[in-house]
Amino acid sequence: MTATTTRPLTVQEAIETRVSIRKFVQEPMNQGDLREILRLATLAPSANNVQTWRAAVIQNPELQVKLQEVSYNQAQITSAPAVIVVYSDMEDALDTLEDTLPATMSEADRQARAAGFRGRFQDQDVAQRGQWGLTQANIAFGYLMLAARSLGYDTVPMLGFQPEKVRELLGLPEHVQFVGLLPIGKRAEDGFPHHRHSVERVVKFY
Ligand SMILES: Cc1cc2nc3c(=O)[nH]c(=O)nc-3n(C[C@H](O)[C@H](O)[C@H](O)COP(=O)(O)O)c2cc1C
């Protein structure tokens, strides 16, 4: 399988050929493809359809230099034409729950459903429920990587950065929790071959 493709890869092909890429071809992202990758990620499932993930898309070399400085100087951040900063905003999700409910639902039902869901979190502090929201947002992060690969792009998921500094750089609220950074573009080098546990090593069958 080559790095670029003229048709979307199947899910199986995208999974098989996704590897972390840290050196990218120096050309801007096709903006239509970028939007499509982000749209596909919005289709990720989440508990109660709560949809906690949010993203900041950076396609600005100066800002990427600053982001790299707070990411242990990892060069893939400035090599990539774009970096998607994925985070979870559980507070915004809770404040706007009604938006996640189908328009076919009556107003009374929408309000009741939203109130019931908010009630589940009222005894948790912002950090605790933020952690719950993060587990939902991680699913969308996986979708982003595979959607990108399906359309012929490459990525590298990253948690090697200073969250407080990234928060400050992007002007994000204190309560948001980061899923990860995702430099994205076309590969300019090969990644490493997959080296994974076998199914037998990690799965018990009952
Ligand atoms: C949550 C997460 C955080 C990661 N953080 C970094 C990082 O900060 N820098 C980096 O170079 N790679 C990072 N990686 C990439 C892993 O090293 C890589 O996924 C793993 O070695 C498997 O290789 P593959 O992605 O090529 O299959 C991260 C991966 C994940 C899933």
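Just a few scattered comments:
- Count of residues meeting criterion [in a helix (DSSP H, G or I), out of contact with any strand residue (DSSP E or B) (no Cβ under 9 Å at 6 or more places or on another chain) and touching a residue at least 12 places away in the same chain (Cβ under 8 Å)] in the range 51-68: 3
- Any chance GLY130 is more than 16 Å from the ligand (Cβ to nearest atom), touching a helix residue (DSSP H, G or I) at 6+ places or on another chain (Cβ under 6 Å), free of Cβ contacts under 8 Å to residues at least 60 places away in the same chain and in a helix (DSSP H, G or I): yes
- Being modelled with pLDDT of 95 or more, at positive phi and more than 16 Å from the ligand (Cβ to nearest atom) is a property that holds for GLY152.
- Yes/no for LYS204 being more than 16 Å from the chain's Cα centre (by Cα), surrounded by 13 or more Cβ atoms within 10 Å (Cβ to Cβ) and more than 12 Å from the ligand (Cβ to nearest atom): no
- Residue list for the range 36-50, filter: in a helix (DSSP H, G or I), farther than 11 Å from THR100 by Cβ and not aliphatic (A, V, I, L, M): GLU36, ARG39, THR42
Each row is one residue, and each column tells you yes or no for (1) touching a His at 6+ places or on another chain (Cβ under 6 Å); (2) of a type in the set (A, V, I, L, M, F, W, C); (3) free of Cβ contacts under 8 Å to residues at least 24 places away in the same chain; (4) within 16 Å of the ligand (Cβ to nearest atom).
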position: GLY119; (1), (2), (3), (4): no, no, yes, no
position: GLN122; (1), (2), (3), (4): no, no, yes, no
position: THR135; (1), (2), (3), (4): no, no, yes, yes
position: ALA140; (1), (2), (3), (4): no, yes, no, yes
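- Residues considered: GLY171, GLY185. Of these, the only one that is crowded, with 19+ Cβ neighbours inside 10 Å, more than 13 Å from the ligand (Cβ to nearest atom) and either among the hydrophobic types (A, V, I, L, M, F, W, C) or at pLDDT 95 or above (or both) is GLY185.
- For the range 86-108, the condition of being within 16 Å of the ligand (Cβ to nearest atom), assigned to a helix (DSSP H, G or I) and on the phi < 0 side of the Ramachandran plot holds for none of the residues.
The values are calculated or read from the model by the stated rules, or taken from the named source; none is laboratory data. Just so you know, these numbers come straight off a predicted model, no measurement behind them. All Cβ positions, glycine included, derive from the backbone under ideal geometry; neighbour counts span all protein chains shown.
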